[in-house]
1. Along the charge dipole of chain B, Cβ charges K/R +1 and D/E -1, which of B:Gly207, B:Val387, B:Leu519 sits furthest on the positive end?
2. Towards the positive end of the charge dipole of the stretch A:89-296, with charges on Cβ (+1 Lys, Arg; -1 Asp, Glu), say which of A:Ser170, A:Val247, A:Thr99 has the farthest Cα.
3. Can you give me the solvent accessible area of B:Val295 with a 1.4 Å probe, rounded to the nearest 10 Å²?
4. Tell me the label-point distance for the pair B:Lys70, B:Tyr128, using the 7 Å Cα-to-Cβ offset, in nm and rounded to one decimal.
5. Carbon and sulfur: what percent of the protein assembly as shown's accessible surface (1.4 Å probe)?
6. Restrict the search to the stretch A:89-166; then list the chymotrypsin sites (Phe, Trp or Tyr not before Pro) that DSSP places in a loop and that have at most 13 other Cβ atoms within 10 Å of their Cβ.
7. Any idea how far the Cα center of the stretch A:261-280 sits from the one of the stretch A:185-259, in Å?
8. From the backbone phi of the stretch B:436-442, what are the Karplus-calculated ³J(HN,Hα) couplings (6.51 cos²θ - 1.76 cosθ + 1.60, θ = phi - 60°) in whole Hz, Gly and Pro given as x?
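The values are calculated or read from the model by the stated rules, or taken from the named source; none is laboratory data. As the structure is a prediction and not an experimental result, all values here were calculated from the model. We place every Cβ from the backbone using ideal geometry, glycine too, and count neighbours over all the protein chains shown. Note: accessible area is taken over every heavy atom of the protein model, side chains too, but ligands, DNA and RNA are not part of it. Shrake-Rupley method; radii C 1.70, N 1.55, O 1.52, S 1.80 Å.
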Amino acid sequence: MLGYLARRIALLVPTVIGITIAAFAFIRLLPGDPILALAGQHGVTAERYEILKEQFGFNRPIWEQYFDYLQNVLHGDFGISLSSKRPVLEEFLTRFPATLELSLCAIIFAVALGIPAGVFAATQRGKFGDQALMGTALVGYSMPIFWWGLLLIMFFSGFLGWTPVSGRISLMYYFPSVTGFMLIDSLLSGQKGAFASAASHLVLPAIVLGTIPLAVIARQTRSAMLEVLGEDYVRTARAKGLSPFAVIGIHALRNALIPVITVIGLMVGTLLAGAILTETIFSWPGIGKWMVDSIFRRDYPVVQGGLMLIAMIVMLVNLIVDMLYGLINPRIRRQ
Amino acid sequence: MKNMATLLATTAILATLATAAHSKTLVFCSEASPAHFDPGPTTGGNDFDASSRTMYNRLVEFEHGGTAVKPGLAESWEISDDGLEYTFHLRPGVKFHTTEYFTPTRDMNADDVIFSFERQWKEDNPWYAYLSGLTWDYFQGMDMPKFLKSIEKVDDLTVKMTLTEPNAPMLANLGMDFASIMSKEYADQLVASGDLASLSTKPIGTGPFQFVAYQADAVIRYKAFPDYWAGKVAIDDLIFAITTEPATRVQKLKAGECDIMPYPAPADIAGLKADPEINVMEQEGLNIGYMSYNVTIPPMDKVEVRKALSTAINKDAIIEAVYQGAGQSATNLIPPTMWSYNKSVKDNPYDPDAAKKMLEDAGVKDLTIDLWAMPVSRPYNPNAQRVAELIQADWAKIGVKANIVTYEWTEYRTRGKLKDRPGAFQIGWTGDNGDPDNFFATLFSCSAIGVSNYSSWCDPEFEKLTQDAKKVSDIAERTKLYEQAQVVFKREEPALTIAHSKVFMPMRKRVTGFTMDPLGIHRFDNVDVSE
């Protein structure tokens, strides 16, 4: 197991270097200029432009800028935001809990609904229930997040008035951030109604962000279940006279869950991508919204630092999933 | 599910009741997070709303809803006859905010004023580069280093500013956000503690509201400053709920989660007007959408060709199709609400036949033009692509072929300002300080070529008129010069003036006293809310 872990970690090194190059090159390949973006409608004179270029270090050869950047990153320095003038890592850490909280709620929503739906569809194979569920899952998977979010806001917040439109908590509550997780902080604050307000603010964004994972998990669970339900041991369990619940819930589902867990692990990337749009619609102060704003401002340090940090998180989660998978299925370790 | 619905509904009701109990809270759904809270180096309207207009004051202020300059932290001032010396008499007894991070021991005085300018001006000032990569774009952009010779303290409440040459717009410049007055005492405290960066995150000013807290990308909280020199404002708490997506802002306003919002999408305006709980205020913006011809590239170096191209364009159709009633056809470079607007200037008539003949007379045949369209929606031009298509169709009627060109926004401007850029370039401008100089000289002076003069137009007569208008401080005299400048502009047609757009400001009916500002600033010092 240790050897497997070492091999996996060694493989991460070239991947991380690749990501630094990609993150560094990506924002520079986009047309546009950070100095002009910063200057606003007045623009700058050619002389002043040169001075600023030198000040920001953009006049040096690109490889030199890259190696400097790499060296700083290795020391944990992701640079200073051109816009807010604050360290990128600090800005990232301020916003990351909001994204993590939203993503966790979205994935809980997706798992809580997706697995039962997939199991149900598998037991109803070919019948109306199966077709209706899988049809809905396909619609969910194809739903443009932006449109879906606005639709839910208009219906639940605008028409029914059940949920708040946007934000993380009602503006009447004000307490210092302790953990950065609003659900926990609202409980810690001891203010009456704060937790309920934070929870109600999470409902719509979590549904919107969880919709695509929900569809994927439901479909994956269904196909894994169908495969397992045809196995000999399931037939044996049935022959033993076990109740359908015991057969499906204990014998079949446990084995069907292995590929589903992998899919959930791989969903992290999808969640972070979805968070960009979801956070924009719901004014959710997480890293997705921060990255979008920074791309528009051509804030090079934020975009490259943010990309790297996000990529590292995705890699870390995938590594953990691989480890778990290796634990569950010993054959993987030996490959 | 039913329980969930009940829980959510109860929460919503509780929240509403609780909000009603804090009756003097105003929630503004602002459109973007501020970069930080120092009004000196920031450039965005959202930055100014969050800092300079809420928490700071300037020596002079713009009147509510207008661009006339009135006393601010300076009670009065004198300008010497040669226009070189400005003496400001400061208002006595002006307090800076008292917060948990700063307690002032003295009132605002001349040291604060000098500090506020020198930090942006003198490179050896410790505050000049107090944040990494700091730039003072407005101080530079308004040519302050060129015009300022010295700022001296005469006594505690008198400051003398000496200029290198007369510059009539100087007074209006001093009303701009970058000229906000900071506390030198607070700055010294930060120097002593070695925490200079806090000047941008824990602001201290003299303005109507004082800072309470900022949660990044989410909420900014202010409270009324009880010792505000002009008297405590009517509302107690001011909250900026940062909501970048316009459609979400509209929903929040309708749901009562905010009281007032800027920049609704044009498509939402009819729906907002129909809502019985919402008022929609509107005003002509201090802006101009125009199309610059590069006058150095043949055949557009000939005035007849430029005139022909402009005459072929049906501006009314553009206003109707693109601005959808939220704009007016622009005859001059400045909007009609601005002083010195020349009413006697006649716009080019829409006459395709005459245009065709003008081109023939100029000996131009089979003309192909690059027609530039901005990739973004701006207040002065909501859809430049659509404008380009309409112009393309109009020009086709006189045998001119237009190729529509577009790039990413900053790239678009970089390419647009190249001296040898071919074609007609759509762009626009929103006024900074209500002075005509901020349109005429900023956009079409010879020195602005390569910066913001997209026509590369350097006309000696226009240049003389606009430069002379800078040197006299008498408004009547300046008006005459600018009126003439508008005649020259229309005669030479370096650009087609397309439209001045309207700006909309939807708010809940409980909001009273809000005035729309021609400079696009959002101010809440005269706003009240009913119970």
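1. It is B:Val387.
2. Of the candidates, A:Val247 comes out farthest on the positive side.
3. Its heavy atoms expose roughly 20 Å² to the probe.
4. Here the modelled spin labels are 3.8 nm apart.
5. Working: 21370 of 35710 Å².
Roughly 60 percent, rounded to a whole number.
6. Answer by residue number: there is no such site.
7. 17
8. x, 4, 5, 9, 5, 6, 4
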